[in-house]
Amino acid sequence: MPRVIASLAPLDGTLHDRRQRPWRDLRISLTDRCNFRCSYCMPRSRFGPGHRFLPQSQLLNFEEIAQVARQALALGVRTLRLTGGEPLLRRDLATLVRQLAALRTLDGTPPDLALTTNGSLLAGQAAALRDAGLNRLTVSLDALDDAVFQRMNDVGFPVAEVLRGLEAAQRAGFERIKVNMVVRRGVNDGEALPLAGHFREHFGSSVVLRFIEFMDAGCHNGWKMDEVLPSDELRARIAARWPLLPLPATRGGETAQRWRYADGAGEIGFISSVSHAFCGDCTRARLTADGRLFTCLFAPQGHDLRPLLRASQGGETELREHLAGIWAQRGDAYSEQRDKLRLLQPERADMHVLGG
């Protein structure tokens, strides 16, 4: 674990890292398990039947997760995003959502509480999660054509069930749902326009489709630069069919460049970590299911919080100071330095561990 040097980092919400970036977002992985085997995240060749996932005893329990979240909010975090693996596999998830929704930010308001899911179990859980206090929802969907989608998830899961989950989420009261498509040239890039057309026609402004460049997260997804379809090229394809107009960012540290259809049929976004790095205003840290805090999606290792969380001595203040020290020493800028760091950092944590 990287050594954290004791510091006088501020504990009043003015905390910044070495590049003067505030901490505003905490992504919380609830499990390293997933029921899909997407090639860009958990390829079956690496995560087959014999793969050993974390035992239950190593997972943070709900109280430990809430403890980290409480102290992160006390340091200026505003958004808590639940991820996986597949977070809907975590038992009694609505109970955790209720606990996190009861926390407060520095200004006394509830946190912006979001969740990212592959949508396979969403139809049966959307209403309970909304009732528990979940604010926002992001669903991963990499193709509209069922054959392509089943090849992408590599478990034969039908696209119709994910679409059914989206409809259930709308009925439950979720607004402005985001749908993320990871675009891999030569694999599913032909599905970008069909997906855009589907959501324009059937969902309009109630769903925001976002296209994510295929990234070199982890070391097992066979990443190659020639399989990256740059966002600029993809946007040109879409704009040739439906003219687009740029939109301003809604807040600092936003990952997606936003565009709207000129005819008013909704909004799309592009997340371009490879072609247009956005390290300069990144405000995110990631907590793994077993309690390690990562300050970059591409980091080789994290800071283990379990000794503090499970010690008989110590408490909330010590945890807050430790978290502040980690962030104050942060200088990550992997995407800006990708060519050099890929050689220096042969090992990186896998996407399903960090939650994207």
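Mind checking which residues of segment 284-298 are more than 18 Å from Val77 (Cβ to Cβ) and surrounded by fewer than 22 Cβ atoms within 10 Å (Cβ to Cβ)?
Filtering segment 284-298 for residues more than 18 Å from Val77 (Cβ to Cβ) gives 289-290, 298.
Selection gives Asp290 alone.
The conditions are (1) open to solvent by less than 20 Å² (accessible area, probe 1.4 Å); (2) farther than 17 Å from Lys178 by Cβ, and Gly266 fails exactly one of them. Which is it?
It fails just one condition, (2).
If I ask for residues that are basic (Lys, Arg) and part of a helix (DSSP H, G or I), which ones from segment 168-209 would you list?
Of all residues in segment 168-209, those basic (Lys, Arg) come to 171, 176, 178, 184-185, 200.
Arg171, Arg200 - these are the residues of segment 168-209 that are basic (Lys, Arg) and part of a helix (DSSP H, G or I).
Within segment 73-88, can one find any residue that is within 29 Å of Glu316 (Cβ to Cβ) and of a type in the set (Asp, Glu)?
Let us first name the residues in segment 73-88 that are within 29 Å of Glu316 (Cβ to Cβ), namely 73-85, 87.
Retained after the next criterion (residues that are of a type in the set (Asp, Glu)): none.
Checking segment 73-88: not a single residue is within 29 Å of Glu316 (Cβ to Cβ) and of a type in the set (Asp, Glu).
Would you mind telling me which numbered condition in (1) open to solvent by less than 20 Å² (accessible area, probe 1.4 Å); (2) out of contact with any Gly (no Cβ under 7 Å at 6 or more places or on another chain); (3) modelled with pLDDT of 95 or more Phe214 fails?
With (1) open to solvent by less than 20 Å² (accessible area, probe 1.4 Å); (2) out of contact with any Gly (no Cβ under 7 Å at 6 or more places or on another chain); (3) modelled with pLDDT of 95 or more applied to Phe214, the lone miss is (3).
Answer yes or no: is there a residue in segment 21-38 that is of a type in the set (Gly, Ala, Ser), in a loop (DSSP other than H, G, I, E, B) and in contact with a Gly (Cβ under 6 Å, 6 or more places away or on another chain).
So the first thing to find is which residues in segment 21-38 are of a type in the set (Gly, Ala, Ser), and the list is 29.
Next, from what is left, pick out any that are in a loop (DSSP other than H, G, I, E, B): none.
No, segment 21-38 has no match at all.
Could you tell me which residue of segment 100-116 is farthest from the chain's Cα centre (by Cα), considering only residues that are touching a residue at least 40 places away in the same chain (Cβ under 8 Å) and within 19 Å of Pro87 (Cα to Cα)?
Result: Pro111.
Matching residues to (1) outside any loop (DSSP other than H, G, I, E, B); (2) in contact with an Asp or Glu (Cβ under 6 Å, 6 or more places away or on another chain); (3) over 17 Å from Val179 (Cβ atoms):
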position	(1), (2), (3)
Leu100	yes, no, yes
Thr105	no, no, yes
Thr116	yes, no, no
Ala123	yes, no, no
Ala127	yes, no, yes
Thr138	yes, no, no
Asp142	no, no, no
Ala147	yes, no, yes
Arg151	yes, no, yes
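What are the pairs with Cβ atoms under 6 angstrom where one residue, in segment 55-75, is under 23 Å from Leu15 (Cα atoms) and open to solvent by 20 Å² or more (accessible area, probe 1.4 Å) and the other, located anywhere, is at pLDDT 95 or above and hydrophobic (A, V, I, L, M, F, W, C)? Sequence gap at least six, or different chains.
Arg70/Leu103
Return a yes/no flag: does segment 137-160 have any residue that is within 22 Å of Leu60 (Cα to Cα), surrounded by 15 or more Cβ atoms within 10 Å (Cβ to Cβ) and under 21 Å from the mean Cα position of the chain (by Cα).
No, every residue in segment 137-160 fails to be within 22 Å of Leu60 (Cα to Cα), surrounded by 15 or more Cβ atoms within 10 Å (Cβ to Cβ) and under 21 Å from the mean Cα position of the chain (by Cα).
Step by step: first the residues of segment 104-123, then only those that are touching a helix residue (DSSP H, G or I) at 6+ places or on another chain (Cβ under 9 Å) and closer than 18 Å to Val208 by Cα, then the one that is most open to solvent (accessible area, probe 1.4 Å). Which residue is that?
Thr116
Which of the residues that make up segment 223-263 are open to solvent by 50 Å² or more (accessible area, probe 1.4 Å) and modelled with pLDDT under 95?
Result: Lys224, Met225, Asp226, Pro248, Ala249, Thr250, Arg251, Gly252, Gln257.
The values are calculated or read from the model by the stated rules, or taken from the named source; none is laboratory data. Note that the structure is a prediction, hence the values are computed from the model and not measured. Using ideal geometry, Cβ is built from the backbone for each residue, glycine included, and neighbour counts are taken over all protein chains shown. Only protein heavy atoms, including side chains, enter the accessible area calculation; ligands, DNA and RNA are left aside. Shrake-Rupley method; radii C 1.70, N 1.55, O 1.52, S 1.80 Å.
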